[in-house]
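This is the structure, below, for whatever I ask next.
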Amino acid sequence: MKKTFSKMDKPLLFVMILLCSIGLLMVFSSSSVAAILRYNKPPTYFFIRQLAFFIVSFIGGLIILKIPTKWYKNISWLLIIGIITVLILLLLYGKITSHVQSWFYIPGTGFAIQPSEFAKSFLIIFMATFYNSLIKRKVNNIYLYLIPLSIAGIIGLLILMQPDFGSAAILLGIAFCIFLSVPISKSNLPKIMMILGIGAVLLGVLLLYSGTDILNSEQMSRFKFQNPCQRYKEKTGYQVCNGYIAINSGGLTGVGIGKSTQKYLYLPESHTDFIFAVLVEELGLLTGIGVLALYAILLYRILKIAKEAYNLRNSIIAYGTFWLFAFHIVINLSGMLAILPLTGVPLPLLSYGGSSTINFVAMLFLTQRVAIENKTTKYNLEMQQITK
């Protein structure tokens, strides 16, 4: 394990642990009141659960560090078939919570699994192994390169039918960004764009005729997101305006940890969607900027690992992780600031959530595995040069 640790990306590991620690602190602070008043639970209820999620994540991460990325080629199709099957079963048997059908509840445990979170990572792994195989075999058939995008469309449609706009948008955005990074002849771009346009139209038609009441009043209200404080009596206006109040109350240095007033049920999702607003209220704008700086470092290190990869598979794994985090950060903060509609997308490593936390940490450890293989390959190539 010591040898493995020596090859890990230390700045990325440090930033990950620091963000996880800040997340635990803020989950405890932001959820303590809601745990008592809304859920009739002890004040440490959500903190203990989040701590358990991190422990499980890190144990799983240590296992991921030991698995060579080339092994994922053998299971990538199983992951995709499995997640599509689970998403179909979710639409048939999943429990509806807050107008969406996104979770499988585990009887007798109080825990739930959100398959759409893992769908994003499974798709990244599948696209990495699939495109790496095509490039290694020098396949020129452009239609084969569109297979992962078609699969992404199917998964995105199943997630939209829940309906979960945020997760679907992130998944499709990741797939498109990965596709753009694949070295394909530019002469094929016009044909590709035409096919993608037709695919988008077909996806829309399938969605409209899916039988899902996807454009109900609850979902449509989210697209009315501007000027939240002028719509205080509306749900989206109420949430975002209270987020504004939290940020404004914090000032530069904050009111003090645990002293937020907005977490007293003014912010319905204080420990999930709006955890950053509570963080700024309690710790101040300067701390909020510091957290954003940590995210910037995290994204930079992931992108650096992607660029240093010696094969397309590893590059796409790291690059996909970069977009996974980038989309979540941008969509969460934009929704909180009324730049984009609220979508219920968690803030990586800070927001409370089992499936999202496990998925984020797992992908960071998978990126660390890529960093380890980068250094191992570089060392082997240098030794070959020396022995020549």
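Filter region 89-131 for residues that are touching a Leu at 6+ places or on another chain (Cβ under 8 Å) and either modelled with pLDDT of 95 or more or hydroxyl-bearing (Ser, Thr, Tyr) (or both) and give the result.
Correct list: Ser102, Ser116, Ala119, Lys120, Ser121, Phe122, Leu123, Ile124, Ile125, Phe126, Ala128, Tyr131.
Considering only residues that are among the aliphatic types (A, V, I, L, M) and loosely packed, with under 14 Cβ neighbours inside 10 Å, which ones fall in region 258-285? Steps first, please.
If we filter region 258-285 for residues that are among the aliphatic types (A, V, I, L, M), which is where we start, we get 265, 267, 275, 277-280, 283, 285.
Scanning region 258-285 gives a single hit, Leu265.
To keep it simple, each residue is scored yes or no on (1) over 30 Å from Asn248 (Cα atoms); (2) buried (at least 22 other Cβ atoms within 10 Å of the Cβ); (3) over 20 Å from the mean Cα position of the chain (by Cα); (4) of a type in the set (S, T, N, Q).
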residue: Pro341; (1), (2), (3), (4): no, no, no, no
residue: Gly344; (1), (2), (3), (4): no, no, no, no
residue: Tyr352; (1), (2), (3), (4): no, yes, no, no
residue: Leu366; (1), (2), (3), (4): yes, yes, no, no
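State all residues of region 5-26 that are in a helix (DSSP H, G or I), in contact (Cβ under 8 Å) with a residue 40 or more places away in the chain and surrounded by 14 or more Cβ atoms within 10 Å (Cβ to Cβ); if no residue qualifies, say none. So that I can check it myself, show each step before the final result.
Going through region 5-26, the residues in a helix (DSSP H, G or I) turn out to be 5-6, 10-26.
Then keep just the ones that are in contact (Cβ under 8 Å) with a residue 40 or more places away in the chain; that gives 11-13, 15-16, 18-20, 22-23, 25-26.
Of everything in region 5-26, those that are in a helix (DSSP H, G or I), in contact (Cβ under 8 Å) with a residue 40 or more places away in the chain and surrounded by 14 or more Cβ atoms within 10 Å (Cβ to Cβ) turn out to be Leu12, Leu13, Val15, Met16, Leu18, Leu19, Cys20, Ile22, Gly23, Leu25, Met26.
What is the number of the single condition among (1) part of a helix (DSSP H, G or I); (2) crowded, with 17+ Cβ neighbours inside 10 Å that Ser150 does not meet?
(2)
Scan region 17-34 for residues that are more than 20 Å from the chain's Cα centre (by Cα) and polar (S, T, N, Q) and jot them down.
Restricting attention to region 17-34, the residues satisfying the condition of being more than 20 Å from the chain's Cα centre (by Cα) are 25, 28-34.
The answer is Ser29, Ser30, Ser31, Ser32.
Residues in region 296-324 that are assigned to a helix (DSSP H, G or I) and surrounded by 20 or more Cβ atoms within 10 Å (Cβ to Cβ): how many?
18
Is it the case that Val370 is in contact (Cβ under 8 Å) with a residue 40 or more places away in the chain and under 27 Å from Phe5 (Cα atoms)? Give the steps one after another, and end with the answer.
On the way: in contact (Cβ under 8 Å) with a residue 40 or more places away in the chain: yes; under 27 Å from Phe5 (Cα atoms): yes.
Spelling it out, Val370 is indeed in contact (Cβ under 8 Å) with a residue 40 or more places away in the chain and under 27 Å from Phe5 (Cα atoms).
Here's something else I'd like to know. Would you please list the contacts, defined by Cβ atoms under 6 Å and residues six or more apart or on different chains, that run from a residue in region 163-183 that is within 16 Å of Leu146 (Cβ to Cβ) and modelled with pLDDT under 90 to a residue that is assigned to a loop (DSSP other than H, G, I, E, B) and not β-branched (Val, Ile, Thr)?
Nothing qualifies.
If you scan region 27-43, which residues turn out to be surrounded by fewer than 19 Cβ atoms within 10 Å (Cβ to Cβ) and at pLDDT 95 or above?
none
Right, another one. How many of the residues making up region 28-86 are among the charged types (D, E, K, R) and in a helix (DSSP H, G or I)? Talk me through it step by step, then tell me what you get.
So in region 28-86, the residues among the charged types (D, E, K, R) come out as 38, 41, 49, 66, 70, 73.
From the residues that got through so far, the ones that are in a helix (DSSP H, G or I) too are 49, 66, 70, 73.
Selection size over region 28-86: 4.
The values are calculated or read from the model by the stated rules, or taken from the named source; none is laboratory data. Every value quoted in this text rests on a predicted model; they were computed, and no experiment measured them. For neighbour counting, all protein chains shown are included, and Cβ atoms are generated from backbone atoms with ideal geometry for every residue, glycine included.
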